[in-house]
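Single-structure report; data block below.
The values are calculated or read from the model by the stated rules, or taken from the named source; none is laboratory data. This one's a predicted model, so the numbers in the text were calculated from it and none came from an experiment. Every residue, glycine among them, receives a Cβ derived from its backbone with ideal geometry; neighbour counts consider all protein chains shown. SASA here: full protein model, heavy atoms, side chains in, ligands and nucleic acids out. Shrake-Rupley method; radii C 1.70, N 1.55, O 1.52, S 1.80 Å.
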Amino acid sequence: MTDTPPDRLSANPKSPFHDAALLERGIGIRFKGVEKTNVDEYCISEGWVRVTVGNSMDRQGRPLTMKLQGTVEAYFRDVPAAG
């Protein structure tokens, strides 16, 4: 695996940008310099994150999300083993 996260990643399994292996490894998101823990999807090149809004759900049972524009930094939470 590489040490740089992908440009775009989604936590929704139905999304074409979903990658379970990367999500298991742990991705951290810094949005406008602030650590965010409720990010559902992000895109570094386009400069946006999609965050969940409370515990609200839509009709299909998915969490409601809101798209925010700004500087996005993604990083892996774990440190890869030296080998």
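Does the stretch 7-56 hold any residues that are in contact (Cβ under 8 Å) with a residue 24 or more places away in the chain, farther than 10 Å from residue 72 by Cβ and not in a strand (DSSP E or B), and which are they?
Correct list: 11, 12, 15, 17, 25, 26, 33.
Can you tell me which residue is farthest from residue 14 (Cα to Cα) among those in the stretch 27-59 that are touching an Asp or Glu at 6+ places or on another chain (Cβ under 8 Å) and open to solvent by 60 Å² or more (accessible area, probe 1.4 Å)?
My answer is 30.
Looking at (1) in contact (Cβ under 8 Å) with a residue 24 or more places away in the chain; (2) loosely packed, with under 12 Cβ neighbours inside 10 Å; (3) of a type in the set (Lys, Arg), find the lone condition where residue 62 falls short.
Going through (1) in contact (Cβ under 8 Å) with a residue 24 or more places away in the chain; (2) loosely packed, with under 12 Cβ neighbours inside 10 Å; (3) of a type in the set (Lys, Arg) one by one, residue 62 breaks only (2).
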